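The values are calculated or read from the model by the stated rules, or taken from the named source; none is laboratory data. If you're wondering where the values come from, they're calculated on a predicted model, not measured in any experiment. Glycine gets a Cβ as well: all are built from the backbone with ideal geometry, and neighbour counts include every protein chain shown.
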Amino acid sequence: TQLLEQSPQFLSIQEGENLTVYCNSSSVFSSLQWYRQEPGEGPVLLVTVVTGGEVKKLKRLTFQFGDARKDSSLHITAAQPGDTGLYLCAGAAYSGAGSYQLTFGKGTKLSVIP
Amino acid sequence: ETGVTQSPTHLIKTRGQQVTLRCSSQSGHNTVSWYQQALGQGPQFIFQYYREEENGRGNFPPRFSGLQFPNYSSELNVNALELDDSALYLCASSPGTSTYNEQFFGPGTRLTVL
């Protein structure tokens, strides 16, 4: 069974601060995705990283995939109240018959206080 | 372009009953995946359907079953409901089964088992 450990589980910071969320596993993934989920809604994909060592930037968000494709991080610069939400990482691994199964972490609940 | 829709939005059942949840995939998407998200947890993969065939299954008992129709919409059926089945059930569609295919989630169905 593949597991993804996310940390921290909860994060409450002031507007303008920086933060990093970590996603770690002992398993290798074909790709890793980061989602953001608002209460009462389904997760929305932010980014997919595929290559070991890959770094992707989305405005103030920077995503990194570990060299061994077992871990990833999400860094937010100058957090804003609009960044508040549940951040989920999900690793894709081949499960046979041409399909890939997503394994999700438990999520990091971020609150940005104005 | 219509996104992923799910029905109903909320449902209350009693232990031992059966339930059917429905999902309409995004236009052009032939793959549907179902997830269970318990309170405070990340989504857990139940199964995936590709072109009307089950294409991968997570660690869920056989009383969780599904269907995909020729228009690629899908149903999740749960028999003999248990209290622990209370959760948000998410459906996600994608244009294929590759690891690079983004999954687009619906808003979910909140199931409460009493």
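General remarks:
- Those strands (runs of 3 or more DSSP E) lying entirely in region A:56-114 with at least 1 residues of a type in the set (K, R): A:108-113
- You will find that of A:E15, A:E5, A:E41, the residue that is in contact with a helix residue (DSSP H, G or I) (Cβ under 8 Å, 6 or more places away or on another chain) and either under 24 Å from A:S111 (Cβ atoms) or at pLDDT below 90 (or both) is A:E15 and no other.
- The residues listed here are A:L102, A:L19; of these, the one that is closer than 23 Å to B:S94 by Cβ and not hydroxyl-bearing (S, T, Y) is A:L102.
- Applying a threshold of 7 Å to beta carbon distances and a minimum spacing of six or more residues, or different chains, the list of pairs starting in region B:25-38 at a residue that is in contact (Cβ under 8 Å) with a residue 12 or more places away in the chain and away from chain A (no Cβ under 11 Å) and ending at one that is in a strand (DSSP E or B) and surrounded by fewer than 18 Cβ atoms within 10 Å (Cβ to Cβ) is empty.
- Being closer than 18 Å to B:E102 by Cβ, buried (at least 16 other Cβ atoms within 10 Å of the Cβ) and among the charged types (D, E, K, R) is a condition met by no residue of region A:63-73.
- From the list B:A80, B:A87, the lone residue that is surrounded by 13 or more Cβ atoms within 10 Å (Cβ to Cβ), more than 10 Å from chain A (Cβ to nearest Cβ) and at pLDDT 95 or above is B:A87.
- Within the option set A:S30, A:S95, A:S25, A:S99, being of a type in the set (S, T, Y), within 19 Å of B:G42 (Cα to Cα) and over 10 Å from the mean Cα position of the chain (by Cα) holds for one residue only, A:S25.
- The residues listed here are B:R15, B:R63; of these, the one that is away from chain A (no Cβ under 14 Å) and touching a residue at least 24 places away in the same chain (Cβ under 8 Å) is B:R15.
- Boolean, A:V21 is without any contact (Cβ under 8 Å) to a residue 60 or more places away in the chain, within 14 Å of another protein chain (Cβ to nearest Cβ), of a type in the set (V, I, T) and in a strand (DSSP E or B): no
- Test: B:R22 is surrounded by 12 or more Cβ atoms within 10 Å (Cβ to Cβ), charged (D, E, K, R) and under 27 Å from A:W34 (Cβ atoms): no
- Any hit, region B:46-55, residues being within 12 Å of another protein chain (Cβ to nearest Cβ) and closer than 14 Å to B:P107 by Cα: no
- Every residue from region A:87-112 that is surrounded by fewer than 20 Cβ atoms within 10 Å (Cβ to Cβ) and more than 9 Å from chain B (Cβ to nearest Cβ): A:S111
- Sub-9 Å Cβ pairs linking a first residue in region A:28-40 that is more than 10 Å from chain B (Cβ to nearest Cβ) and in a loop (DSSP other than H, G, I, E, B) to a second residue that is surrounded by 13 or more Cβ atoms within 10 Å (Cβ to Cβ) and among the basic types (K, R), at least 6 apart or interchain, are A:V28/A:R69; A:V28/A:K70, ordered by first then second residue.
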